[in-house]
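The values are calculated or read from the model by the stated rules, or taken from the named source; none is laboratory data. If you're wondering where the values come from, they're calculated on a predicted model, not measured in any experiment. With ideal geometry, Cβ positions are generated from the backbone for all residues, glycine too; neighbour counts draw on all protein chains shown. Accessible surface is based on the protein model in full, side chains and every heavy atom, while ligands, DNA and RNA are left aside. Shrake-Rupley method; radii C 1.70, N 1.55, O 1.52, S 1.80 Å.
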Amino acid sequence: MSGVRLPATALLALLGATTAHAADPAPPLSVRRAAGEIRLDGDLGDPGWQGAAVLDQFWETEPGDNVAPRVKTVAWVTYDDRYLYVGLRCEDPDPSRVRAPFVERDDIVGTDDNVAVFLDTRGDGMTALQLRVNPRGQQADAVFNDATRNEDFSPDFFYDTAARVTDFGWAAEMRIPFSSLRYSKEDAQQWRILIWRNYPPRLPLFHPQPARPARVDCLVCHAQPLVGLSGLPGSGGLVLAPYASGQAVETAPHPGSRSETPTAKATSGSM
């Protein structure tokens, strides 16, 4: 990731020490299948969000020390036969100050508005897939390792996002194919989830759900248990990425003569 990136050690430090009221472990989040269709357009009014599991208790950890955040964040989680869905409502008293420049993939940085969803699909509290989205619907993805405190942005995972800036702040939707995830063959899955919001009108503010106990140097180990997932398709799959290659031929005058010599330029890239 280019620009100002917060390394894993800084990210953990910004979580800081929590107060006693936030030290209790979060209860399991029970998720159930979507009640209807979810169209990926950044609008959270689709029938599929009705009855989705709700996460609405976040903590400000920078500059506050696990205090009530200045802005409200609500997340919804549901699923169907093919996808896990995460809906996000990120309130902002002044939507005109939302920071979301158009950037390349993985260039969503700590000084911009964004939300990261951490999914520990093995349920071991050690590593998690980190999927980010900003108010433009752009993406950044990484693997977060608690043991090394490292964010590895080299892998790219396939998932869909849509977002929009609104009169209340901004909203986003994530559609994560189960084929992009790795999990056990058990019918009843035991995962963990943590949702992290970056809110930078003045200083970066981090809102982990749930909060972490004091003086603990891990993040994924305190992610909230996610239960209720069952009957999922086999994990893993093949993603086909279209690739195009082309050649342009130009002519240029030959030095010392009036003749023209063709020169070729080859270009290629993925689509």
Within the range 179-220, tally of residues that are farther than 25 Å from residue 96 by Cβ, open to solvent by less than 40 Å² (accessible area, probe 1.4 Å) and modelled with pLDDT under 90: 10
Across the range 122-140, what is the total count of residues that are part of a loop (DSSP other than H, G, I, E, B), open to solvent by 20 Å² or more (accessible area, probe 1.4 Å) and closer than 30 Å to residue 190 by Cα? 5
Among (1) out of contact with any Leu (no Cβ under 8 Å at 6 or more places or on another chain); (2) surrounded by 15 or more Cβ atoms within 10 Å (Cβ to Cβ), which single condition is residue 53 missing? (1)
Test for residue 62: is it modelled with pLDDT of 90 or more, in contact with a Gly (Cβ under 8 Å, 6 or more places away or on another chain) and in a loop (DSSP other than H, G, I, E, B): no
In the range 146-168, is there at least one residue being among the aromatic types (Phe, Trp, Tyr), buried (at least 22 other Cβ atoms within 10 Å of the Cβ) and within 29 Å of residue 92 (Cβ to Cβ)? no
From the list 43, 107, pick out the single residue that is part of a loop (DSSP other than H, G, I, E, B) and open to solvent by less than 50 Å² (accessible area, probe 1.4 Å). 107
Which numbered condition residue 48 fails, given (1) open to solvent by 40 Å² or more (accessible area, probe 1.4 Å); (2) not in a loop (DSSP other than H, G, I, E, B): (1)
State which residue pairs qualify: first residue under 15 Å from residue 94 (Cβ atoms) and surrounded by 15 or more Cβ atoms within 10 Å (Cβ to Cβ) and inside the range 61-72, second residue at pLDDT below 80 and not acidic (Asp, Glu) in any location, beta carbons under 9 Å apart, and separation of 6 or more residues or different chains. 70/64; 70/201; 70/205; 71/201; 71/205; 71/207
